[in-house]
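Q: Please find one structure pasted underneath; my questions will follow.
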């Protein structure tokens, strides 16, 4: 079970009419966009991520859907780093909605990001200062 209190970062989403499918709920594919938006904001707001210096690629994404989100829901994406590797780091997500004054988890997800130099088209070792910054914020031991 995901404990939302274990996340320090929360990103508010604005659902759009176009996100809704024929079944009157947010289409499953749209969640990838929501997670991408939250991931980018998390990196920029928490770590002042320099996209030119710290390029990365998304190597893996996994989503577990718990319940449908409706256009009238007020969702938040919670993001945290759960693991720091040599060239990669793992993020965990929880998309929660507010209904009847309670937060309910609509989906959980995880992703693996790999440090990547787009000019040389090669992976690279995560800079030590970046590892330390992430570990300090999230309380992860290196």
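Laboratory data are not the source of any read-out in this text; all were calculated from the coordinates shown. A quick note: this is a predicted structure, and the numbers were derived from the prediction, not measured. With ideal geometry, Cβ positions are generated from the backbone for all residues, glycine too; neighbour counts draw on all protein chains shown.
Q: When only Cα pairs under 8 Å and 6 or more residues apart are kept, what is the percent relative contact order across the range 64-142?
A: Details: 130 pairs, mean separation 22.1, N = 79.
It comes to 28 percent, rounded to a whole number.
Q: Run the numbers on the range 4-138 and let me know its relative contact order in percent, using alpha-carbon pairs under 8 Å that are six or more apart. Could you put the intermediate results ahead of the total?
A: Working: 232 pairs, mean separation 36.1, N = 135.
Computed value for the range 4-138: 27 percent relative contact order.
Q: Still on this structure: What is the fewest-to-most order of 7, 23, 124, 89 by other Cβ atoms lying within 10 Å of their Cβ?
A: Fewest to most other Cβ atoms nearby, the residues stand as 23, 124, 7, 89.
Q: So, one more: Modelled label-to-label distance, residue 99 and residue 125, 7 Å Cα→beta-carbon offset: nm?
A: The answer from the label model is 4.9 nm.
Q: Could you tell me the extents of the range 53-107's C-alpha atoms along the three principal axes, largest first, rounded to whole Å?
A: Sorted from largest, the Cα extents of the range 53-107 read 43, 19, 17 Å.
Q: Picking from 95, 79, 26, which is most flexible by a Gaussian network model of the chain using Cα springs under 10 Å?
A: Of 95, 79, 26, the most mobile in the Gaussian network model is 26.
Q: May I ask for the angle, rounded to the nearest 10°, between helix 128-138 and the longest principal axis of the chain, with both axes built from Cα atoms and the value confined to 0 to 90°?
A: The angle comes out at about 30 degrees.
Q: Of the residues 88, 111, 120, which exhibits the maximal mean-square fluctuation in a Gaussian network model of the chain defined by a 10 Å Cα contact cut-off?
A: Highest fluctuation of the listed residues: 120.
Q: How many angstrom lie between the Cα centre of the range 1-66 and the Cα centre of the range 78-129?
A: Here the answer is 9 Å between Cα centres.
Q: Still on this model: Going by a ≥ b ≥ c, the root eigenvalues of the Cα gyration tensor, does the chain fall in the rounded group (a/c under 1.5), the prolate group (a/b larger than b/c) or the oblate group?
A: It is prolate, given that a/c is not under 1.5 and a/b is the larger ratio.
Q: In the chain, what percentage of the DSSP-assigned beta bridges are antiparallel, given to the nearest 5? Present the calculation step by step, with values, prior to reporting the outcome.
A: Numbers: 38 of 38 bridges.
Taking every DSSP beta bridge with both residues in the chain, the antiparallel ones total about 100 percent.
Q: Where does each of 1, 61 land when they are ranked from fewest to most other beta-carbon atoms within 10 angstrom?
A: Lowest count first: 1, 61.
Q: Another question, then. Would you order 33, 123 from fewest to most other beta-carbon atoms within 10 Å of each residue's own beta-carbon?
A: With the sparsest Cβ surroundings first, the list reads 33, 123.
Q: If R0 is 25 Å, what FRET efficiency do you get for residue 137 and residue 14 from their C-beta distance, rounded to 0.05?
A: Taking R0 as 25 Å, the efficiency between residue 137 and residue 14 is 0.45.
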